[in-house]
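Bear in mind that the values in this text are calculations on the coordinates, not laboratory data. For clarity, every value in this text was computed on a predicted model and none was experimentally measured. Quick reminder, even Gly has a Cβ in these numbers, built from the backbone with ideal geometry, and neighbours come from all protein chains shown.
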Amino acid sequence: MNNVAMIISKRLGLGVLTMFMVSIIIFSAVNMLPGDFAQALLGQSATPEAVAAIRKDLGLDKPIHTRYFDWLIGVMQFDFGTSFAKANFATYAGTTADVNFGSVADQIAPRFANTLFLAAVTAAIAVPLSLLIGVLAALYRYSIFDRIANISTLTSISSPEFFVAYVLILLLAVLNPVFPSLSNIHDGMDFAQKLQKTMLPALTLTLVVTAHMMRMTRAAIINLLASPYIEMARLKGLSPFRIIVFHALPNALAPIINVIALNLAYLITGVVVVEVVFVYPGVGQLFVDSVKIRDIPVVQACCLVFAAAYISLNLLADVMSILSNPRLRLPK
Amino acid sequence: MSATEPLVKISNLEIDGIADETRTRIINNVSLELNRGEVMGLIGESGAGKSTLGLAAMGFTRDGCEIVGGNIMFDGIDLVTATPDVKRQLLGKRIAYVAQSAAASFNPAHKIINQHAEAPLCHGVSSRTEAEADAIDLYERLRLPNPDEIGFRYPHQVSGGQLQRAMTAMAMSCRPDLIIFDEPTTALDVTTQIEVLVAIREIVEQFQTAAIYITHDLAVVAQMADRVKVLLRGDEVEEADTRTMLDAPREDYTKSLWAVRSFQRPQKPLAKKGAVPVISLRNVTAAYGSNDPVVRDVSFDIHEGRTVAVVGESGSGKSTTARCITGLLPPMTGEIAFQNQVLPADYRKRSVHQLRQVQMIYQMADTALNPRKRIGEIIGRPVEFYLGLKGAEKRRRVEELLELIEMDPKEYINRLPSELSGGQKQRIGIARALAAEPKFIICDEVTSALDQLVAEGILKLLTRLQEEMKLSYMLITHDLSTVRAIADEVVVMKDGLIVEAGPKDEMFTPPHHAYTDLLLSSVPEMNPDWLDELLAQRGAENLGDAAVSKM
Amino acid sequence: MMPSLSFTYWSALVVAGALALYFGGRQVGNASGVARLRDMSATGALGYSLLVVTLYQGIALYFGPGATFFKWAVHGVVGFGIAGYLFQQLGRHVGTRATKKLFRSMPVTAALGILLILAYALIAIFADFIAPYGQAEIFKDANLLPGGDPGMGGSPDHLLGTDQIGRDILSRLIYGAQNTVGIAFVTTLLAFFIGISLGFLAATIGGVLDQVLSRIVDMLMSIPQLIFALLLMTIATAWFGSEKGMVTLFMILIIAVLDSTRVFRLSRAVGMNIVVMDFFEAAKLRGEKLSYLIFSEIAPNAFAPLLAEFGLRFCFVFLTIASLSFLGIGIQPPLADWGTMVRDLSQFIAYAPFPVVGPLTASLPLMAAGAIALLTVAVNFVVDWMLHRASGLKE
């Protein structure tokens, strides 16, 4: 077990290092923006004193590495700084009395919860469905079922998310009003209401993610079924059920978990477009909106959240593969 | 089911193989009869259909294979028309299978003993405790180390030869009437092989099991089988009991198989004292990275027109020595000299002239030739690179080389490697080496992947070329019959050290180093009593890897 | 005459059919000796039952009233199927020996894929000649509905109508091929150029260069591509917001660099596989130069997997550019682009329930999105076939 513990801690260390490097990339990328922000934000009412005051308050006058470390330390305490959009800059122009800085964390937290909810609903449908279809397609490969599954999943992964989204809106919201086409959920809704409003975006994501997962599962199982030890099990006269459950499945765990984790990681990018189409109040939509109005701290924070989720899921896939490989778990 | 009825009766069997849309006949009108307790050897080159026939005796066909004619009867049951349920009841219980690679045939996720007990449990032959106790008993009979606990390990924790014996035990778990052994020792070292052979023979005799033993090694089949059947590309060639087959084969093809081992070139006299060796290794020690040295203090000379065979099992350091000579692995200490001039250790620092003198021929013809280049280009490039010939002159030289390796230039110069057979590809590899007009060629297991007949052709070609062009060869091999065929001097390596070195004739007559002795004695001979005599001489404890570990 | 089934009826029928097939099949199979019926498994019975009942449902829907979109979908699938089949037969009998052999081993899907790719290529190249009007040409009549019928709010001059600003939708759809596909193609080429050169160098030279490049690529790949692209596009638009051409140029560069990471990984892996082969070692030992090793030994053997990857990467780049444009941060107006068109036309979906002109109007945004999906599906069909061939050859 010592061997495994070492490999896993190395991977974890690598993950942390990657996060660190990613934060540097994000920070430097964002700070390559041109001109003087304070100037741009104030626009017309930009007097030199107001500009200097804003720069001081937002900490834009410190050297870049100081700013980076301040930000990093803040991040680790879940303080992502202040949002430019929510900040009330009017005070600097002398029109109102109190300064009000909305924190980025306040903006992101509820949105993050929403996105997690969407991802959870999607995963709950997609994972069992794709595993089932993938295993069946592998067992009955080249049959009509397999061919149909192959063509439909190929079509599904080739379609952009917004195509699938609008087709579903057409069929399930406009023509047959089963679900609402706008998914504006908010706190205070009960679970059933939330679920109903979330179904369409979840279905859209499901269609795309299931396709990927099903194909990968099918490929992994076909690969497995070609192994000599499966042939050996058949030659020992074991029932097909026993062969699948006792011989194939234990070895299929590693590739399947890998597939699931990788696809959940892929889900993160898909969330963005879907949230925009359905106006779902999640991190993706916040990100796109902030990009458009150039709300730097929010953009930074969203990127970081996405990257963290992506890296963690990839790390999870990695660790699970290691744990389920008996050759690594039990050394010679 | 009277006592005189054969256990297995295959009549006029025809099996087709289907790949995409093409059909090929794999088994063509083959018949086979096997009585209880009898061992039949199935001999043939690769592609003869031996595996397919062995599996057919179980009523099993691999994906892509289809039975299109004939009958398979096992103890009165027709296996061609039987339902899947009936067949499943036979498999594992009354007919068992031992595959070629034990490492691939054991499920890496479960312990060995669990996989052993699976068949008896599922077929209702015994309870779990009974099955486990029986397993331990079988392991003991097969002389596995630590029989009480070896079963409780996972497959990757057990060595190849031991795993093969564990698979034999697993096949025995339901005490079947018939076991199919599909090339069980082909992938093993010679010293490991002999232990497995002894184990298989003993267990088959103890339990009076009938067996079909599939192999391409004639000497092995001589030890194991009562009767031998020869297959060639799906056709039956000949069948007879072992002694008759060995002493008086009828068909030409059978006779040619037997003849391979008799090719022998007389040994050349030793080089004159003081002659400058073509290649000289002096105290070479080399390692990969910062690990333990794989080659330790190795020194030997290779003289002009001579063949030095470097023999050893896997891990002995033979291939690493070759890499040092070519400059791919600079040694930690020691030097390599060409005609008494020290060569730079790293190939990148050698001059083109120096690189030219040392050429290599590889084992696997599939990876040795660039699959996207035509034969003319493959041979032509060194001609252009080293000799500076271009255009018509280059083409003429390429044609000369093709004729030298006995292949018609007009037919082959524009072919791709995928269109050639294994032996032909190996000849192209030789031509490519010759194109540089070197003094020294390293032959790295050049015949190991080839069938015996084809291998003999290559060896004869190499001998002829050596005579005509005064080439020096370093022959890396683990096959002692190849050594006997064309070597002048022999160097025996074990664990990176030279255990013994000297002229070939001396090596093959005792006295020798204990390891050489073991190596030589572990190679099966074409004498059906060879294994019995060896056992009588040394006792079962003193064979193979067990004996090696005692050294 | 054939009633369409509600969901409850449909599922009930499927289950009933499955049970009938499973148990009945055993009886009939045992009596008549038909092995297929006798050995039918539960999942097989379920599968066949599902097929039959769904087929019935499809036919009932098709011949019944309404369900316009379903009928269009059926027409589309059947039409494509026939087109693909005809093209496949054409290719089997016309052409050089090599192309005929290629078409013989091709399934209908791959043939259809090639046909579609050729069609898109032609439209993209000859857009100027095919389109009735310019892509940025503004007409007086905005918001014309499609159909060409003045009584229904359309106009015979604009078959697919005009958008809110008054631009002809049909022309913009055609020019969209040139812009979206063209830009995606150029971006993929650039990504490949960068990825392959660095990948092969890493495989051949190895050592420090390989380590450094691999680490950098790992870092770049740990941020999801769309997110990273959006981030970098923010900076690009901040610097060059006003110069639309520069924004598009930056988008090409950003996506090319981000995508080249995957190409790097693949070409490095393919390169490493080749570098350990004996024939490569033989060439090295000859003293061949690096350029010879890469171009003459590695490249020809890497061609097949890299070509398949080119198809896959093109699809991904194409979809990413379309998504970025859909979000408003990709290809900028006045260039016609399918992603932007989907966003601009998306409100027309609500017109679907309107009689007669409803379905056609509602499908306008779907046409733009569908054009994207169709090309990607076509490329994927072809790549799927290529990969199937390659793996078959290895066995």
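Descriptive notes on the structure:
- Of interest is the spacing of the C-alpha centroids, which for segment C:191-247 and segment B:152-171 amounts to 49 Å.
- Total charge dipole magnitude, chain B, about the Cα centre, Cβ charges on Lys, Arg, Asp, Glu only, Debye to nearest 20: 2320
- Chain C shape via C-alpha gyration tensor axes, a/c threshold 1.5: oblate
- DSSP-loop GluC sites (Glu not before Pro) across segment C:224-297, with at most 14 other Cβ within 10 angstrom: C:Glu243
- For segment C:1-65, the spread of Cα positions along each principal axis, largest first, Å: 44, 19, 15
- Against chain B, whose longest principal axis is taken from its Cα atoms, helix B:160-172 shows a tilt of about 20°.
- Segment C:105-144 and segment A:152-212: distance between their alpha carbon centers, rounded to Å: 29
- Legend: distances between Cα atoms for B:Lys111/B:Lys494; B:Lys50/B:Lys550; B:Lys425/B:Lys494; B:Lys229/B:Lys504; B:Lys394/C:Lys284; pairs beyond 28 Å are B:Lys111/B:Lys494; B:Lys50/B:Lys550; B:Lys425/B:Lys494; B:Lys229/B:Lys504.
- Cα centre as origin, Lys/Arg/Asp/Glu Cβ charges: segment B:37-165 dipole, Debye: 200
- Rounded to the nearest 20 debye, the dipole magnitude of segment C:169-390 is 80 debye, with +1 charges on Lys and Arg beta carbons, -1 on Asp and Glu beta carbons, and the Cα centre as origin.
- The angle between the Cα long axis of helix B:190-206 and the longest principal axis of the Cα atoms of chain B comes to about 10 degrees, rounded to the nearest 10.
- Peptide B:107-115, shielding by other chains (average Cβ, 10 Å cutoff): 5
- Percentage relative contact order, segment B:8-262, counting C-alpha pairs under 8 Å, at least six apart: 27
- Estimated FRET transfer efficiency (C:Phe129, C:Trp72; beta-carbon r; R0 22 Å; 0.05): 0.20
- With Cα atoms, 0 to 90° folded angle of helix B:375-387 axis to chain B main axis: 30
- Computed over chain C, relative contact order equals 15 percent, with contacts defined as Cα pairs under 8 Å that lie 6+ residues apart.
- Rg over Rh for segment B:263-322 works out to 1.05, both radii taken from alpha-carbon positions and Rh defined as the Kirkwood radius.
- Mean sequence separation of contacting Cα pairs (under 8 Å, at least six apart), scaled by the length of chain B, corresponds to a relative contact order of 15 percent.
- Chain C: DSSP helices with Cα axial extent of at least 24 Å and average Kyte-Doolittle hydropathy no lower than 1.0: C:42-63, C:108-125, C:182-205, C:244-275, C:299-327, C:358-394
- Solution diffusion estimate, µm²/s, Stokes-Einstein, the protein assembly as shown, Kirkwood Rh from C-alpha pairs, 10 °C, viscosity 1.306 mPa s: 44
- For segment B:118-274: rounded, prolate or oblate by the Cα gyration tensor [a/c cutoff 1.5]: oblate
- Helix content alone sets the calculated 222 nm mean residue ellipticity of chain B: runs of n ≥ 4 DSSP H residues at -39500 (n - 2.57) each, divided across all residues, give -11000 deg cm²/dmol.
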